[in-house]
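Let me begin by presenting the structure, written as structure tokens, before commenting on it.
The values are calculated or read from the model by the stated rules, or taken from the named source; none is laboratory data. The structure presented is a predicted model; accordingly, all values stated were derived computationally and were not measured. Cβ coordinates were reconstructed from backbone atoms using ideal geometry, including for glycine residues, and neighbour counts include every protein chain displayed.
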Amino acid sequence: MGLLDIVRPKMQVNSLMEIPLEELRAQGICYLLFDLDNTIVPYNDPNIPDEIIAWFQQIKGAGFFPCLVSNNHGPRVEDAAGKLDIPFICDAKKPWGDGFLRAVALLGGRKEQTAVVGDQLLTDMVGGNKDCFFTILVAPMKSKEYWFTTHFSRRVEKILKKFL
């Protein structure tokens with residue numbers, strides 16, 4: 001697996017609402033592992049819009065099993081997961097930690113039935129691809145980001161996206 005293969009998402013969408021759920025279902029995917037910041041809500045924003053909460057209720061009602069997988073610490077992730085009424089993994093240490101694998105075990109699923117959904121190539125896509133998950137890159141929300149790691153990784157991602 002080359003560098004571009006490890007960062008390349010299997011699918012790209014502009015927002016969560018554009019994820020083609022029926023296409024995923026046709027591929028046998030029913031477990032969805034979501035990044036939190038800049039995927040579901042803007043960075044460090046504790047407010048989850050009603051339409052996002054409703055969308056998560058809709059996907060659960062359609063037979064999908066979502067889980068938050070975040071590098072963020074417990075209280076922030078636990079609060080968001082509570083509002084969405086879904087399980088969570090915090091301190092996931094993406095991309096090299098085992099957060100995605102722990103989430104699949106928590107849900108009782110299998111890797112081949114699971115998609116990783118996130119906004120960053122270097123954490124979400126690398127982490128998902130290295131563990132052989134289906135990966136979906138969501139365009140990052142326009143917001144303030146963690147100044148050190150995310151700001152740096154966005155610059156690297158901009159270069160990498162030219163080759164994807």
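Worth a mention:
- In segment 7-20, the condition of being surrounded by 14 or more Cβ atoms within 10 Å (Cβ to Cβ), outside any loop (DSSP other than H, G, I, E, B) and more than 13 Å from the chain's Cα centre (by Cα) is met by at least one residue.
- Residues of segment 122-138 include at least one that is touching a Lys or Arg at 6+ places or on another chain (Cβ under 8 Å), in contact (Cβ under 8 Å) with a residue 24 or more places away in the chain and closer than 18 Å to Phe56 by Cα.
- For Glu51: the one exception among (1) charged (D, E, K, R); (2) surrounded by 15 or more Cβ atoms within 10 Å (Cβ to Cβ); (3) farther than 18 Å from Leu137 by Cβ: (2)
- Counting the residues of segment 63-86 that are farther than 20 Å from Ile19 by Cα, touching a strand residue (DSSP E or B) at 6+ places or on another chain (Cβ under 9 Å) and not in a helix (DSSP H, G or I) gives 2.
- Scanning segment 104-137 for residues that are under 12 Å from the mean Cα position of the chain (by Cα) and in a loop (DSSP other than H, G, I, E, B), we see that the one that is farthest from Ile86 (Cα to Cα) is Gln120.
- Residue-level check: of (1) surrounded by 13 or more Cβ atoms within 10 Å (Cβ to Cβ); (2) free of Cβ contacts under 8 Å to residues at least 12 places away in the same chain, Leu84 misses just (2).
- Qualifying residue in segment 56-74 (condition: modelled with pLDDT under 95 and either surrounded by fewer than 17 Cβ atoms within 10 Å (Cβ to Cβ) or in contact with a His (Cβ under 9 Å, 6 or more places away or on another chain) (or both)): yes
- If you go through segment 87-105 and keep only what is of a type outside the set (Gly, Ala, Ser) and crowded, with 16+ Cβ neighbours inside 10 Å, you end up with Phe88, Ile89, Cys90, Lys94, Pro95, Phe100, Leu101, Val104.
- Every condition in (1) out of contact with any Asp or Glu (no Cβ under 8 Å at 6 or more places or on another chain); (2) closer than 15 Å to Ile29 by Cβ holds for Ala105 except the one numbered (2).
- Some residue of segment 56-78 being more than 18 Å from Val13 (Cβ to Cβ), in contact with a Pro (Cβ under 6 Å, 6 or more places away or on another chain) and free of Cβ contacts under 8 Å to residues at least 60 places away in the same chain: yes
- Residue ID - modelled with the highest pLDDT, chosen from residues in segment 21-47 that are among the acidic types (Asp, Glu) and surrounded by 12 or more Cβ atoms within 10 Å (Cβ to Cβ): Asp35
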